[in-house]
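Q: Quick one: the structure is below, and I'll ask about it shortly.
Any read-out appearing in this document is the output of simple, stated calculations on the displayed coordinates, not a laboratory observation. Everything quoted here is computed from the prediction, not taken from an experiment. Cβ atoms come from the backbone with ideal geometry, glycine included; neighbour counts cover every protein chain shown.
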Amino acid sequence: MYKIETPESEVDFDAYFEFRWQMLRKPWNYPQGSEKDEYEQVSEHRMIRNNKGEVIAIGRVHMNNAEEAQIRHIAVANEAQGRGLAKMVMSSLEAVARQEGAVRIVTNSRELSTPFFKSCGFEVEREASAELGKLKRQQMVKRLLDHNTILLHPKWCKELQDTWHDTIPISEQMGIKLHQYSGKTLENRASLNKNINLHGTMFAGSIFSLATLTGWGMIFLQLKEKNLMGEIVLGDGNIHYHKPITMQPRALCHIESLNGKFDVLSKGKKCQIKLHVDILDGDTAVAEFSGVYWILPPEPEVQTDNES
C-alpha cells in the first residue's frame, strides 16, 4: 500500500531531487542541478516510496498568484507506472492548491503527458515556452470548483475583492480572498505560505489584517444589502490569540455579531458598528477579534447656481 509523503529532512530532499533529475533531466543529457529552479523554497513537494524506501513518484505545486497554482515535475518510476501513483500525487497537490485558495491550476505538459493531464480534468489552453530551450510543451489549465461554497450576490463579492486589491495591494500579496458569503456569514481565507514566520506559523500581524478586512468586508456587504453608502474606517480593534495557525487560516463574521444602526446614514449622520470575527485554523478556533468601525456618510452634493 502506498502513501503520500512530504519530504522534510535533507536526506529526503536529496532522494527527491535525485529522482527528479533521473526521470526528467538525465534522459535529455541535462546536468545535475538543472532539475531545480527558483521556486523550490515556496513550493509544496510530495513523493511516494516503495517498500524499500526508494522514491518512486514525485510532484510539486506552487502559487503563481492568489488565484493560480502551478503543478510541475510529476514523475513516476518506470517499474511503478500503471498503479495510479501519478493521480495520487496529483490529488494531493490539488488539495494543497484548493487550501491555498486557488481557483485554477496550470501545468506545462509535454505531448507524452497531455493525455494524463486531460484525464485529471485539464484542458489545453495554448502552447507554452520550451523548457530549457528544447522541450516543446503545451500549457494546460484546470478550473477548480468548490461545490460547497455559497456566494450570495457574486457581483458585490467581486466588487469587495477588487476593492481590497485596488486600495490595499498587500491583501492580494497575502492571498486574502473572499471564500463565501451567505447573507448572514462572511468567510475569508488567506494563504499560510504567504504569511508564514520562522516558526512555520502565521504572522500575528497577518491574522490581525485578515480579521480587520473580514469585519470591514461584512459592513461593506451589509451596506449593499441596505442600499446605503458610506466610507468605512476602523476605529478600534482588539484580538486575543489562543493557538498558532499552522494549516488553513479562516476568518468568519456572523451578522448576529453586528451591533449598530445603519439607518442613521440616510440622515447624513455617521454610524458606529461593533462586531466580532472568529479566526480558525481549519476547523479549530484560534483567536477572536472585536472591532469598532465607523461609517461616514457621503459628502452632500454641492448645489451650483447656473443662472446668469
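Q: Length gain on complete extension for the stretch Glu54 to Gln173, per 0.36 nm per residue less the alpha carbon to alpha carbon distance?
A: Value of the extension gain: 39.1 nm.
Q: Additional query: Averaging over every viewing direction, what projected area does the convex hull of the Cα atoms of the stretch 10-102 cover, in nm²?
A: That works out to 6.4 nm², a quarter of the Cα hull's surface.
Q: Sticking with this one: Would you compute the Debye intensity of the stretch 77-130 from its alpha-carbon atoms alone, equal scatterers and no solvent, and pass along log10 I(q)/I(0) at q = 0.15, 0.24, 0.25, 0.30 Å⁻¹ to two decimals?
A: Debye curve over Cα of the stretch 77-130, log10 I(q)/I(0) at q = 0.15, 0.24, 0.25, 0.30 Å⁻¹: -0.50, -1.09, -1.14, -1.27.
Q: Let me ask something additional. Report the trypsin sites (Lys or Arg not before Pro) located in the stretch 27-116 that are in a DSSP loop and have at most 15 other Cβ atoms inside 10 Å of their Cβ, or state none.
A: Lys36, Lys52, Arg83
Q: Given the options Thr246, Val264, Ser209, identify the residue whose Cα lies farthest towards the positive end of the charge dipole of the stretch 154-296 (+1 on Cβ of Lys, Arg; -1 on Cβ of Asp, Glu).
A: Val264
Q: In nm, to one decimal, how far is the Ser91 label point from the Ala204 one, both placed 7 Å along Cα→Cβ?
A: Inter-label distance under the simple model: 4.1 nm.
Q: A further question follows. Can you tell me which of Leu160, Leu210, Leu24 moves the most in a GNM of the chain? Springs connect C-alpha atoms under 10 Å apart.
A: Leu24
Q: Okay, next question. Based on the Cα gyration tensor of the chain, what are the three equivalent ellipsoid semi-axes, each the root of five times an eigenvalue, rounded to whole Å and given largest first?
A: 46, 22, 16
Q: Moving on. Between Glu288 and His165, what length comes free when the chain is fully extended (0.36 nm per residue of separation minus the Cα-Cα distance, one decimal in nm)?
A: Contour length minus the Cα-Cα distance gives 41.8 nm.
Q: Calculate for the chain the 222 nm mean residue ellipticity that helices alone would give, adding -39,500 (n - 2.57) per DSSP H run of length 4 or more and normalising by residue count, nearest 500 deg cm²/dmol.
A: -8000 deg cm²/dmol, from helical runs alone.
Q: Kindly flag which residue pairs out of Lys142/Lys177; Lys118/Lys177; Lys177/Lys270; Lys87/Lys243; Lys184/Lys267; Lys155/Lys243 have an alpha-carbon separation exceeding 31 Å in this structure.
A: The pairs that break the limit, which is 31 Å between Cα atoms, are Lys87/Lys243; Lys155/Lys243.
Q: Moving on to the next point. With each pseudo-label sitting 7 Å past Cα toward Cβ, what's the Asp263-Ala80 distance in nm, one decimal?
A: 6.7 nm
Q: Pop a pseudo-label 7 angstrom from the Cα along the beta-carbon direction at both His254 and Lys270 and give the gap in nm to one decimal.
A: Between His254 and Lys270, the simple spin-label model gives 3.0 nm.
Q: I need the trypsin sites (Lys or Arg not before Pro) found in the stretch 171-228, filtered to DSSP loop residues with at most 15 other beta carbons within 10 Å of theirs.
A: Listed in order of number, the matching sites are Lys184, Lys226.
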